[in-house]
Amino acid sequence: MLLPLIGLLVGISIAFFVPGSINPEYSVYVAIAILAALDSVLGGISANLRKKFSMIIFVTGLFGNAILSAFIIYLGEKLGLDLYVAIVVVFGTRMFQNFGFIRRFYVEKYSNLGKQLSIEELDQTNPT
């Protein structure tokens with residue numbers, strides 16, 4: 001679970017410290033690649049919490065999503081359509097679903113610790 005987060009932090013650090021800029025023609029491709037990476041990272045964390053993480057699924061999903069997204073964007077440009085919007089919607093939906101699962105997992109995990117305390121103990125620690 002820690003490895004994808006480390007990779008994300010290293011990538012962000014490189015982006016901030018390496019000089020240069022992205023050609024505006026490729027900015028949509030880069031933005032979608034970032035969304036694909038974030039989707040894969042959140043999906044990997046979610047799969048790890050469910051005890052179903054597989055490194056091969058993670059890596060192939062990361063590259064597969066990026067390649068398929070780039071192809072769809074390219075096809076949209078050739079057809080004169082903004083197909084990248086569909087990709088943003090799909091990745092956005094999946095990222096929020098995975099984030100929601102991760103959030104619920106940790107909320108339930110830590111709220112169960114509170115349930116183990118007796119009502120009297122809670123009343124003493126949180127007087128109202």
Determine whether region 94-102 contains at least one residue that is polar (S, T, N, Q), modelled with pLDDT of 90 or more and over 19 Å from LEU8 (Cβ atoms). no
Among the residues of region 30-87, what is the count of those that are closer than 15 Å to LEU3 by Cβ and touching a residue at least 40 places away in the same chain (Cβ under 8 Å)? 9
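The values are calculated or read from the model by the stated rules, or taken from the named source; none is laboratory data. None of these values were measured; they are calculated from a predicted model. Because the Cβ atoms are built from the backbone with ideal geometry, glycine has one as well, and the counts that use them run over all protein chains shown.
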